[in-house]
Amino acid sequence: MNRTNQVAVIGLGVMGGNLARNLASRGFRVGGYNRSPEPARALAAGHPEANLDLASDLPGLVARLERPRRLILMVPAGPAVDEVLDRLDGLLEDADLVVDAGNSLYTDTDRRLARASGRPWRFMGMGVSGGAEGALQGPAIMPGGAPEAYEAMRPMLEAIAARGSGGPTVAWCGHGSAGHFVKMVHNGIEYGDMQLIAETAMLLRDGLGLAGESVAGIFESWNRGELESFLVEITASILRTPDPERADGALLVDAILDQAGQKGTGRWTVVAAAELGVPIPTIAAAVDARNLSAARPLRVEASRSLGERRGRLDGVGVDDLRDALSSAKIASYAQGFALLRAASLERGYQTDLAEVARIWTAGCIIGARFLERVREAFGKQPNLPTLALSPDFAEELQRREKAWRRVVDGANAAGFPAPGLGASLGWFDTLRASRGSAALIQAQRDYFGSHTYERIESPGKRVHTDWAKVAGEG
């Protein structure tokens, strides 16, 4: 095929292949390359309508691109990205742009940006969310890096992104590695959302004794209201899906081994939050829950040795569970956006939190009606320190607190593990405690390590006490 392409996609697996088809469906001339030829052949044979120009090698791919060239990498995060950059390095020229659209760790993106700064070509890190279907039909896209690099890609990205109420779900997320940092936090929030929904479904089914069909109906009704979201929608569908291996109406979900997988982005979020000193207990609890779920043999043994206790969820109704889920969701998103805010200030990203909320409203896994309220909150108060202090959300947390507490207390009393709901409530209680337990911790630190402390009447002035001596004198 002898033609000049407008963009190339490198990595034609499920995500890359669908992204290439999406680009072609919007009228762009798309070149493609895959290190292993089989996926490329299957893509061409299965979707001839896309009219993709598939190259057998990178030099051929690059040669058929119009200048300045635009190349999108959809290869696995890690060494594979560096390997492709090594192979492209000598083929690219001034103003050519390479976009890493995989799930790369933001520190790797920093390193690659530093590498590109000494080359004639440019580099950009870009998060893409929505899974395989989103890549094909319209994902949420989170580009970062130099604004001029984003502008070079903007018409193309706006054409392939999902459509939310505020337009295409793509926006510049900030300088440097901001795009991949925002995508990482998106995935961390996703971990929290999934954990909270799973705990709520467990409490509805096992705690209240409701059948799967009834719980599916509850989630469907919630999805028609303020909890409307992609994850709530698919949860209702999952809870109605019969096991194809059985004829007794058993649900497929009940045949699945309860060992949750993960690819690392939730763990990256927790590490980044720890480094920036931002508490994200809901997301951390979700990561811990997945880790503990993976230790299934240990859990089976512990259930025998320690006794597995599951009682009745007394004094709790369906509306209480809805209120608890809604409140915990606010807490989780407040934590995630606080992390984005801290990273933007610390790393100079200049991330617009209202725009992040806007591009997450559709096309991505955490897409939800709720994010319209988040966008509005940060639109009114761009420097809002926590979403929980936005008047709208603050009123809701206060109004639903009793139901939230009933659910967490009831789950604890009955022996149902609900770490996400509990961690969210603990965050809420700690956030609003004008005086908590930290004074004793500071005293302990000063006692054993002379780390000093500040007195209430003279903040900013560091004080050390010889505790053993003063206690002895007393």
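The values are calculated or read from the model by the stated rules, or taken from the named source; none is laboratory data. Only a predicted model underlies this, so the values are computations on that prediction, with no experimental measurement involved. Methodologically, a virtual Cβ is constructed for each residue, glycine included, from the backbone with ideal geometry; neighbour enumeration extends over all protein chains shown. The accessibility values were calculated without ligands, DNA or RNA, using every heavy atom of the protein model including side chains. Shrake-Rupley method; radii C 1.70, N 1.55, O 1.52, S 1.80 Å.
Estimate the FRET efficiency between residue 202 and residue 305 by the formula 1/(1 + (r/R0)^6), using the beta-carbon distance for r and 22 Å for R0, to the nearest 0.05.
It comes out at approximately 0.45.
Accessible surface calculations at 1.4 Å, restricted to protein heavy atoms, place segment 186-323 at 52 Å² per residue.
Excluding same-chain neighbours fewer than eight residues apart, the lysines reachable from residue 183 by a Cα-Cα span under 21 Å are 263, 329.
Accessible surface area normalised per residue over segment 1-150 is 40 Å², counting heavy atoms of protein chains with a 1.4 Å rolling probe. Angle of helix 265-276 to the longest C-alpha principal axis of the chain, folded into 0 to 90 degrees and rounded to 10: 60°.
For segment 96-167, the direction-averaged projected area of the alpha-carbon convex hull comes to 5.1 nm². Distance between the 7 Å Cα→Cβ label points at residue 63 and residue 256: 4.8 nm. Distance from the Cα centroid of segment 152-179 to that of segment 60-134 is 17 Å (rounded to whole angstrom). Our helix-only sum for the chain, with -39,500 (n - 2.57) per DSSP H run of n ≥ 4 divided by its residues, gives a mean residue ellipticity at 222 nm of -17000 deg cm²/dmol. Here the spin labels are modelled as points 7 Å beyond Cα on the Cα-Cβ line, and at residue 220 and residue 275 they lie 4.6 nm apart.
Figure legend: label point modelled 7 angstrom from the Cα of residue 468 along Cα→Cβ; residues of segment 432-449 with amide N under 13 Å from it are 447-449.
On the principal axes of its alpha-carbon atoms, segment 273-356 has extents of 52, 33, 17 Å, going from largest to smallest.
Expressed as a whole percentage, what fraction of the accessible surface of the chain belongs to carbon and sulfur atoms when a 1.4 Å probe is rolled over the protein heavy atoms?
53 percent
Working from Cα pairs under 8 Å separated by at least six residues, relative contact order for segment 415-474 is 19 percent. Taking the alpha carbon gyration tensor of segment 222-339, multiplying each eigenvalue by 5 and rooting it gives semi-axes of 27, 22, 17 Å, largest first. If you bin all the Cα-Cα distances of segment 30-115 at 10 Å, starting from zero, the percentages per bin are 15, 48, 31, 6. Against the chain, whose longest principal axis is taken from its Cα atoms, helix 318-347 shows a tilt of about 60°.
Net charge dipole, the chain: roughly 420 debye, given to the nearest 20, about the Cα centre with Cβ charges of +1 for Lys and Arg and -1 for Asp and Glu. Averaged over its residues, segment 345-474 has an accessible area of 57 Å² per residue, based on protein heavy atoms and a 1.4 Å probe.
Applied to segment 70-86, the Karplus parametrisation 6.51 cos²θ - 1.76 cosθ + 1.60 on θ = phi - 60° returns per-residue 3J(HN,Hα) values of 10, 10, 10, 8, 10, 10, x, 4, x, x, 4, 5, 4, 5, 5, 4, 4 Hz, with x for Gly and Pro.
Over all directions, how big on average is the projection of the convex hull of the alpha-carbon atoms in segment 165-207, in square nanometres?
Working: hull surface 17.0 nm².
Convex hull of Cα atoms, orientation-averaged projection: 4.2 nm².
Extension gain, residue 398 to residue 56, is 117.0 nm, computed as 0.36 nm per intervening residue step minus the present C-alpha separation. Applied to segment 153-166, the Karplus parametrisation 6.51 cos²θ - 1.76 cosθ + 1.60 on θ = phi - 60° returns per-residue 3J(HN,Hα) values of 9, 4, x, 5, 5, 5, 5, 9, 6, 5, 10, x, 5, x Hz, with x for Gly and Pro. Taken as Cα centroids, segment 430-474 and segment 314-372 sit 35 Å apart, rounded to the nearest whole angstrom. Measuring r between the beta carbons of residue 318 and residue 389 and using R0 = 30 Å, the FRET efficiency lands at 0.55. Here segment 255-311 is treated as a Stokes sphere of Kirkwood radius computed over C-alpha pairs; at 10 °C and 1.306 mPa s its diffusion coefficient rounds to 122 µm²/s. Fully extending the segment from residue 243 to residue 380, taken as 0.36 nm per residue of separation minus the present Cα-Cα distance, adds 44.5 nm. Distance between the pseudo-spin-label points of residue 14 and residue 445 (7 Å out from Cα toward the beta carbon): 4.6 nm. Taking only the C-alpha atoms of the chain, the Rg (one decimal) and the largest Cα-Cα distance, Dmax (whole number), read 25.2, 92 Å.
Descending by average beta-carbon neighbour count within 10 Å, the peptides 87-93, 277-283 line up as 277-283, 87-93, the highest first.
Per residue, how much space in cubic angstrom lies within the convex hull of the C-alpha atoms of segment 294-335?
Numbers: hull volume 5.2 nm³, N = 42.
For segment 294-335, the hull spanned by Cα atoms encloses 123 Å³ per residue.
Compute the helix-to-body angle for 37-46: its Cα long axis versus the longest principal axis of the chain, expressed 0 to 90° and rounded to tens. Rounded to the nearest ten degrees, it is 80. For segment 318-474, would you read off the P(r) tail past 23 Å as a percentage of all alpha carbon pairs? Tail of the P(r) past 23 Å holds 55 percent of the pairs.
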